[in-house]
Amino acid sequence: MLTTTIGAYPKPADVSIKDWFQKEGGTDDPEPTAGYAETQQRYEGRLEQILDRATVEVVKEQDQLGIDMPTDGEIRRENYIHYHCRHLKGIDFDRLTEQEMRRHMSAWLPTITSSVQAGPAFLPRDWHIAQSATKKPVKLTVPGPMTIGDSVADDFYGDDIVARGIALAEALNIEIRRLADAGCPVIQVDEPVFARKLDQTLSFGLEHLDRCFHKVPQSTERVVHICCGYPDRIDPEADYPKAPKESYWDLATGLQDVAIDTVSIEDAHRPNDLTLLERFTRTNVIFGVIAIAKSEVEDVEAVRERLRLALDHIDPDRLIAAPDCGLGLLGRDLARRKLRVLAEAAHSL
């Protein structure tokens, strides 16, 4: 069985960009974009070289740990959302607006002040650097329209969240097609907000996801990742507010009509009723079997058994083993240990 990671990987110690895994507030940081621009200015022209080297380092590490489809580790990003937003026209990072985010926290967010449009190409270079580190296919991630919409303030589209979503999807589609044209074999759109705002997802979110992959060639594997939300720390309290995992049941049917090849869901933190997998009649499933916020390292046999049980409900060639989500909370050593377990368990099946 193949393995992959989802997106974020713990940053090497000499990378000066602090992501929201490293900040005091964790992923619930009230200022998720603070410090990024200042770091770029402080390092002037040296930062790109540092980030290139660090990206190659973490891709090679995933390869050596047995991951069949590594990511670039999102080493350049302060988080998986706002890095991309910085490359879109119409979003002002100097104008921060306080508003609710993820329905449970308040944050100072960059503000949409004019029509959202794609800027100059940037992801093809990110992918080329990452792909240079391995012969295995490297996956690159892009935040989805609904997730971006939930992570910015909006002084332009107002209450017309559908128009905003269309504009974001069309801007994302331009960069996704650039990435596909550059040769990136696997592109993943991250839409955790799908599970949190199910009514909006079914009303227009799935259509906007489809727009993201418009005219992307079938030779490119098109993935959507839908987790139920990061905790704010490692070993979180049991009642941390996550989206209901039951959302997967309603999403599974609708996703079969979207131009995607693979759906990524979590199962380690909160196990699913595995008959859920039978609803994914057409798509592959990236199946989270490694917890990304627990310090306890999984047992190889327990992970292998969970994958065995999953195979009772889906064809073996359509199941890919993975962590639940990004690995940034774990730190480097713990992430390595957990990925070794993942690779040993999956590759034994």
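Derivation of every value follows stated rules applied to the coordinates shown; laboratory data play no part. Treat the numbers as computed from the prediction; the structure is a model and nothing was measured. As a convention, Cβ positions derive from the backbone with ideal geometry for all residues, glycine included, and neighbour counts pool all protein chains shown.
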### Summary
One finds, for K60 and D160 with R0 = 35 angstrom and r their Cβ-Cβ distance, a FRET efficiency to the nearest 0.05 of 0.15
### Task
Can you pull the one-decimal nm distance between simple spin-label points at S219 and S115, each 7 Å off the Cα toward Cβ?
3.3
### Summary
Among K60/K215; K139/K294; K242/K294; K135/K338; K89/K139, the pairs whose Cα-Cα distance exceeds 20 Å are K60/K215; K139/K294; K135/K338; K89/K139
## Note on the structure
In this structure, the FRET efficiency calculated for T253 and I174 from their beta-carbon separation, with R0 = 30 Å, to the nearest 0.05, is 0.55
## Note on the structure
In the chain, helical segments from DSSP H whose Cα atoms cover 30 Å or more along their own axis and that average at least -0.5 on the Kyte-Doolittle scale are 161-182
### Summary
Cα-based Rg then Dmax for segment 70-180, in Å, read 14.7, 46
### Query
Simple spin-label model, 7 Å along Cα-to-Cβ: A182 to Q40 in nm?
1.6
## Note on the structure
Exposure-ranked with fewest Cβ neighbours within 10 Å first, E170, E78, E48 stand as E48, E170, E78
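For a Förster distance of 22 Å, can you work out the FRET efficiency between the beta-carbons of K18 and I234, rounded to the nearest 0.05?
Taking R0 as 22 Å, the efficiency between K18 and I234 is 0.85.
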### Task
Pop out the ³J(HN,Hα) list for segment 272-286 in order, Karplus 6.51 cos²θ - 1.76 cosθ + 1.60 with θ = phi - 60°, rounded to Hz; leave Gly and Pro as x.
8, 5, 5, 5, 3, 4, 5, 6, 8, 7, 10, 8, 6, 10, 8
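As a check on your grasp of the helix formula, calculate [θ] at 222 nm for the chain: sum -39500 (n - 2.57) over DSSP H runs of n ≥ 4, divide by the residue count, round to the nearest 500.
Roughly -9500 deg cm²/dmol at 222 nm, from the helical runs in the chain.
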### Query
Taking segment 159-224, how much of its Cα-Cα pair set, in percent, is spaced more than 16 angstrom apart?
45
### Message
For the chain, take every pair of Cα atoms, bin their distances at 10 Å starting from 0, and report each bin as a whole percent.
### Response
6, 27, 38, 25, 5, 0
### Task
Quick one: which residues, 5 or more positions from I112 or on another chain, have an amide H under 5 Å from its amide H? H modelled 1.01 Å from N in the peptide plane, none for Pro or chain starts.
D92, A153, D154, D155
### Message
Give me the extension gain from L349 to F122: residue separation times 0.36 nm, minus the current Cα-Cα distance, reported in nm with one decimal.
### Response
77.9 nm
#### Entry: Inter-site label distance for R340 and T275 at 7 Å from Cα along Cβ, in nm
4.0
### Task
Report the net charge of residues surrounding E246, where surrounding means a beta-carbon distance below 11 angstrom and charges are Lys +1, Arg +1, Asp -1, Glu -1.
0
